Amino acid sequence: MEVSEPVAPLADGQDRLLVQEVLGSKSFERTTSLRRLLEYLWVHRSEEINEYAIATEALSRASDFDSKIDATVRVQIGRLRRNLYRFYSEEGPHHVWRLTIPVGSHELRFVPASEAELQTASFIDTSASLAPSVTPLVESPRPWISAPIGYVLLACVLVCTALLAADLLRRTSNSPSAERMDTPQFWKTFLNNGKSTRFVLPAPIFFSVQATPGHTVMLRDIFVNSPSEWNRSQVLTEVFGKTENPKIWQGYTVASDTFASLQLARFLDRYGVHTSFSSSADPPREILDHENIIAFGTSSSLASFQADVDRLSFRLAPHEVKVTDLLSPADHPQEFLATHEGTDRDIVPGIVAVLPHGDAGGRIMLVQGAQTRAIISYLTSEEGMKEMGQALAGMKTPYFEAVLLSEVNRGAPLQSRLGTVRAFVERSPETMAKLLQVKQNIK
């Protein structure tokens, strides 16, 4: 029998030096919130602290924080455990004493490396990647775009081809020989109300102008999402004048949203879940009220579901540069920023939310962000569904709103993680408007 050698005890002051080494490591250099959380837990390691204290003192949550409906602390503690694991796996494998946070507690402690590895095994699956590898995507549209109509038509053909491929996949999976598996709990919670499920993809509005004989250019302003509002755009009025009624074209869907919906359709097909597709230009809203809806888009292209977007306490800014928490303190707003990590790598924020929908018991899932495919890759991965399930555990409602942070390489998803999540609480439009106004007034 192999007997491990005894570990020498920590010398006076050595523990603080080891904590400083972790805080200054590459594993923590881009995670200000986790460094602050780790330092807070270290300073208060000999005290009995609860989620409220951690939320309000270390994570800058408001004084009305309620851990029963807001899982921020549990999510951040889980992230801290994983970052500590990453540090000791990649940068500090030589450490014989390691910082750990036992599952089910908030206590930060030093334990021998052998004991830390046993604790880590209870929450880390080292064989699973955070998200499957994927191929690069077409870049997101700029604030406004001009392009020859031939390219636009080509995009339309590609989308139609992709939708036909999805339909073929569904027919194949519907064959009697297809093996059915139990639907994962995260998706079962959304789908268990007996309603059919429809994907709605945004169909951005383009305006066409004949530049020269035989040469038509399509123009798009992301802040114009209704045909009647074109003359509010300085760019469009400069092109068309203030009186001319330009021709409107809504014949394509955004690449990231299209690929995200196809990936999710294929995933749900494995479990016998039938889905249908529409664009935001297709059915009247009252028809959708009798189904479960999964709507994809950005801060501008989800205009047809603006009434639902306005119910959220997390708001995605124009151009998807950040997500702001409307419920965070006015003098210290919580924001999740898009960041540029290198030549080709970016961290982009997004929102996923499930809300009650319509008068017939339906539900709507809003998948909002510049990289919706990255969000769906996370929500269909084993790690993502597990993390969401743990964060939502204990909530007494199937309705929630969450912020996801996705790392992408030239638009191709690499990995995503949960930033924060809370139970959805219905508030009046007046209350939401006031909360939004407060944040907009902050300089």
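Applying a DSSP loop filter and a limit of 10 other Cβ atoms within 10 Å to the chymotrypsin sites (Phe, Trp or Tyr not before Pro) in the stretch 230-332 leaves nothing. The simple Förster model, with R0 at 35 Å and r as the Cβ-Cβ distance, assigns V425 and E238 a FRET efficiency of 0.20. Under 5 Å from the amide H of F400 lie the amide H atoms of V354, F424, each residue being 5 or more positions distant or on a separate chain, with H modelled from the backbone and absent for Pro and chain starts. Need the full-extension length gain, K247 to A317, defined as separation in residues times 0.36 nm minus the C-alpha distance. One decimal, nm. So the chain would gain 22.3 nm between K247 and A317.
The trypsin sites (Lys or Arg not before Pro) found in the stretch 27-94 that occupy coil by DSSP, while having at most 14 further C-beta atoms within 10 Å, are R30, K68. Taking label positions 7 Å along the Cα-Cβ direction at both H332 and A113, the computed distance is 3.8 nm, reported to one decimal. Relative to the Cα centre, the charge distribution of the stretch 26-71, modelled as +1 at Lys and Arg Cβ and -1 at Asp and Glu Cβ, gives a dipole magnitude of about 340 debye.
Protein-only accessible surface at a 1.4 angstrom probe places the residues H290, H215, H357, H332 in the order H290, H332, H215, H357, largest first. Under a 5 Å amide H cut-off, with hydrogens placed 1.01 Å from N, A412 pairs with L137 among residues at least 5 apart or on other chains.
Just flag the trypsin sites (Lys or Arg not before Pro) in the stretch 206-256 sitting in loop per DSSP whose Cβ has no more than 10 other Cβ atoms within 10 Å. Here the trypsin sites (Lys or Arg not before Pro) that fit, given the DSSP loop and packing criteria, are K242. With the cut-off at 1.5 for a/c, could you classify the stretch 386-432 from its C-alpha gyration tensor as rounded, prolate or oblate? In terms of gyration-tensor shape, oblate. Excluding same-chain neighbours fewer than eight residues apart, the lysines reachable from K68 by a Cα-Cα span under 24 Å are K188, K386, K396. Under 5 Å between amide hydrogens, built in the peptide plane, is the criterion, and for L219 it picks out F207, S208, V209 among residues at least 5 positions away or on other chains. Please find the FRET efficiency linking N50 to F223, where r is the Cβ-Cβ separation and R0 is fixed at 45 Å, and quote it to the nearest 0.05. So the FRET efficiency works out to roughly 0.50.
From the Cα gyration tensor of the stretch 30-103, with a ≥ b ≥ c the square roots of its eigenvalues, which class applies: rounded if a/c is under 1.5, or else prolate if a/b is larger than b/c, or else oblate? The shape class here is prolate. Rounded to the nearest 0.05, what FRET efficiency is calculated for M385 and V209 with R0 set to 45 Å and r the Cβ-Cβ distance? So the FRET efficiency works out to roughly 0.45. With the highest mean first, a sort of the peptides 13-22, 195-204 on other beta-carbon atoms found within 10 angstrom per residue produces 195-204, 13-22.
Shape class for the stretch 304-382: oblate, because the ratio a/c of the largest to smallest gyration tensor axis (alpha-carbon atoms, square roots of eigenvalues) is 1.5 or more and b/c is at least a/b. Dipole magnitude for the stretch 57-116: computed about the Cα centre from +1 point charges on Lys and Arg Cβ and -1 point charges on Asp and Glu Cβ, it is near 160 debye.
The values are calculated or read from the model by the stated rules, or taken from the named source; none is laboratory data. For clarity, every value in this text was computed on a predicted model and none was experimentally measured. Methodologically, a virtual Cβ is constructed for each residue, glycine included, from the backbone with ideal geometry; neighbour enumeration extends over all protein chains shown. Each accessible area value is taken on the protein alone, full model and side chains, heavy atoms only, with ligands, DNA and RNA left out. Shrake-Rupley method; radii C 1.70, N 1.55, O 1.52, S 1.80 Å.
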